[in-house]
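First comes the structure, then the notes that go with it.
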Amino acid sequence: MGLLTIGAFAKVSRLSPKALRLYDELGLLPPARVDPVTGYRLYAPDQLEQARLVAWLRRLGMPLVRIRHVCSLDAGAAAQEIRAFWVRTEADFAARRDLVAFLVGQLEREDPAMTITVSPLSIRYAAGSDAGLVRETNQDTAYAGSRLLAVADGFGVGGVPASAAAVEALKHLEADGIPAGGLLDVLADAVEQAEQAVHGAVRTGSAAEGAGTTLTAMYWTGSQLALVHIGDCRVYLLRDGELFRITHDHTVVQAMVDEGRIGPEEAASHPQRSMLVRALGNGADATADMRLHDARPGDRYLLCSDGLPTAVPDGEIHRVLTDAGEPDGAVRELVALANGAGGPDNVSCVVADVVASA
């Protein structure tokens, strides 16, 4: 079979002539030959495989720059790159799904046609933070109040003021009323205020470049807990005897696990396990995960810095949360377990119990 005209090639490759001209201009799929007289683009039959790959990747929504990179790889590496792209796409979709659920939940609660019966609930809470046995300073900040629960884990020379500033920026939520339907906007504004506060704390202090903090917080509405999460602090929920982790680490290693490049066992000891892809400060991506959690009497929530799960297995965390009576006892025991395992990092815990109001 000889060379194909751009029209014939477009038909068999399922790419439009317009797309083929664009891909030629980008160097993604240049024709085999350009007629010197007419300027017509002519394509070789052996270019069909790459053209069809480009077509399918475009249907996946892959950007052209990344498609060009995929097309430059061998088959095995290209497959790995496509898998990694799709994992990231699904993660982005999940974040949008959570936002949709957040918005729907708020709108349904505003709908006068819907009758929602909510038993009076309240929370009992405790917070604790410890430097551990290795670090010279404690860069964590933990806070628990009647509406706000928060943990921040600072890093860099200015990590101490950074984490303190992030949590302090949220404390106005304790006193400020939130208008009906305004929760999402209020939380988004609070994250922006926290980001600005961190930049201010680092800029005005003696911190070197690279300082910042993670931030994980929950706001109690009276029947729900609204989550804001940036970084690698974690939130666990103990419900009906089962322990659920309800946050996703924003780290390089977690992304590698998500993409199938390494397994969870390797991640636990990976030298880059603490490298963040989202944080406040340091020019990092400060996009927060946000979602709403309907509370039930008997629920127990744990917010903790990464110093706890690094040192204490989930099974032990489950045991303490199940057996400890009051939140302050659970906090003390969890911190003691982390230090008993060598205390390699600062450790902070906030435990909150959802209880039926008297």
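With all protein chains present, how much of the accessible area of the stretch 1-44 (probe radius 1.4 Å) comes from carbon and sulfur, to the nearest whole percent? Write down the numbers at each step before the final one.
Values: 1620 of 2730 Å².
Of all accessible area on the stretch 1-44, carbon and sulfur atoms account for 59 percent.
Under the classification rounded if a/c is under 1.5, otherwise prolate if a/b is larger than b/c and oblate if not, where does the stretch 285-355 fall, given a ≥ b ≥ c as square roots of the Cα gyration tensor eigenvalues? Intermediate results must be reported in sequence, preceding the final value.
Numbers: a/c = 2.33, a/b = 1.15, b/c = 2.03.
Oblate, since a/c reaches 1.5 and b/c is not below a/b.
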**Fill in**
Checked against the structure, the computed volume of the Cα convex hull per residue in Å³ among (1) 140; (2) 192; (3) 148 is the one labelled (2)
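Suppose all protein chains stay in the model; what accessible area per residue would a 1.4 Å probe give for the chain, in Å²? Provide the component values of the computation, followed by the final result.
Numbers: 17680 Å² over 358 residues.
I get 49 Å² per residue for this part.
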**Fill in**
For the chain, whose charge dipole is built from +1 on Lys and Arg Cβ atoms and -1 on Asp and Glu Cβ atoms, the candidate among 64, 122, 154 with its Cα farthest towards the positive end is 64
**Prompt:** Over the heavy atoms of residue 22, what accessible area does a 1.4 Å probe trace out, to the nearest 10 Å²?
**Reply:** 70 Å²
**Item:** Order of exposure, largest accessible area first, which applies to 240, 314, 249 with probe 1.4 Å
**Value:** 240, 314, 249
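So what is the diffusion coefficient of the stretch 218-358 in µm² per second by Stokes-Einstein at 37 °C and 0.692 mPa s, using a Kirkwood Rh over Cα pairs? Provide the component values of the computation, followed by the final result.
Details: Rh = 16.1 Å.
In µm²/s, the coefficient is 204.
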**Fill in**
Inter-part gap, Cα centre of the stretch 239-254 to Cα centre of the stretch 126-144, in whole angstrom, is 21 Å
**Request:** Please label the shape of the stretch 130-177 as rounded, prolate or oblate, based on the square roots a ≥ b ≥ c of the eigenvalues of the alpha-carbon gyration tensor (a/c under 1.5 means rounded; beyond that, a/b larger than b/c means prolate, else oblate).
**Result:** oblate
**Prompt:** Based on Cβ point charges of +1 for Lys and Arg and -1 for Asp and Glu, what charge dipole magnitude is obtained for the chain about its Cα centre, in debye rounded to the nearest 20?
**Reply:** 1580 debye
**Message:** Treating only the Cβ of Lys, Arg, Asp and Glu as charged (+1, +1, -1, -1), what charge dipole size does the stretch 194-317 show about its Cα centre? Round to the nearest 20 debye.
**Reply:** 320 debye
**Prompt:** Just how far, in whole angstrom, is the stretch 287-350 from the stretch 7-52 if you go by their alpha carbon centroids?
**Reply:** 58 Å
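The values are calculated or read from the model by the stated rules, or taken from the named source; none is laboratory data. Remember, predicted model here, so these are calculated numbers, not experimental data. We place every Cβ from the backbone using ideal geometry, glycine too, and count neighbours over all the protein chains shown. Just the protein is used for accessible areas: all its heavy atoms, side chains included, with ligands, DNA and RNA removed. Shrake-Rupley method; radii C 1.70, N 1.55, O 1.52, S 1.80 Å.
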